[in-house]
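A.B. asks: Could you have a look at this structure, given as structure tokens, before my questions?
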Amino acid sequence: MSAWRFKLAVLQHRAIVYRVAQSLLQDRHEAEDVSQEAYLRYWQQGGGIERPREWLLTVVRNLCLDRLRRRSRFVDDEAALAEGPSDEHGPEWHLQQAELGARLRGAIAALPEPQRSLVVLFDVHGIDGAACARILGLNTNQVKVYLHRARRKLRTALEGSS
């Protein structure tokens, strides 16, 4: 693979690769490490990959799952609190949004695989169902069923925690 082709693939897909890793791991540094590892594996493939975006996202998901299996707990994401208040909303609104975000992240983290990955890919990052099916190794009907079940579980978890 030429360096130019590799650089082009990295530039085209770096945002979604990092965001998926960040969404699954909830840790900025680990997401950066996973992203770099995925690019290294892409380089080692030598350019014989037909759909680089989907291939990279599959590798990122698998690397994230490996890391999640190794660690005993999830790390909370502090990004929502770090943004600071806006002129439109008061501090109470920001606190409520941060609490809702933490509850949602916790509910997503509690989902079983592949439901968790599917919610992150489809709902959070807007990847279409067919691509999700290829990334997760499912058929499109399984994607629909798992997504429905995951959303129902999230709804129940958020209603029960409010």
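A.B. asks: Since HIS29 meets every condition but one in (1) modelled with pLDDT of 90 or more; (2) within 22 Å of ASP128 (Cα to Cα); (3) surrounded by fewer than 14 Cβ atoms within 10 Å (Cβ to Cβ), which condition does it not meet?
C.D. replies: Failing condition for HIS29: (2).
A.B. asks: Now, a different point. If you go through segment 1-25 one residue at a time, how many are polar (S, T, N, Q) and either farther than 20 Å from PHE122 by Cα or over 9 Å from the mean Cα position of the chain (by Cα) (or both)? Break it down into steps so the answer makes sense when it comes.
C.D. replies: Here is the first cut: in segment 1-25, the ones polar (S, T, N, Q) are 2, 12, 22-23.
From what is left, the residues that are either farther than 20 Å from PHE122 by Cα or over 9 Å from the mean Cα position of the chain (by Cα) (or both) are 2, 12.
So the count comes out to 2.
A.B. asks: If you don't mind, there's one more thing I want to ask. Give me a count of the residues in segment 32-60 that are buried (at least 17 other Cβ atoms within 10 Å of the Cβ), over 16 Å from SER117 (Cβ atoms) and of a type in the set (Phe, Trp, Tyr).
C.D. replies: So the count comes out to 2.
A.B. asks: For segment 1-39, name all the residues that are over 28 Å from GLY106 (Cβ atoms) and not in a helix (DSSP H, G or I). Full working, then the answer.
C.D. replies: Here is the first cut: in segment 1-39, the ones over 28 Å from GLY106 (Cβ atoms) are 1-13, 39.
Those that are over 28 Å from GLY106 (Cβ atoms) and not in a helix (DSSP H, G or I): MET1, SER2.
The values are calculated or read from the model by the stated rules, or taken from the named source; none is laboratory data. All values reported here derive from a predicted model rather than from experimental measurement. Don't worry about glycine lacking a Cβ; one is built from the backbone with ideal geometry, like all the others, and counts go over all protein chains shown.
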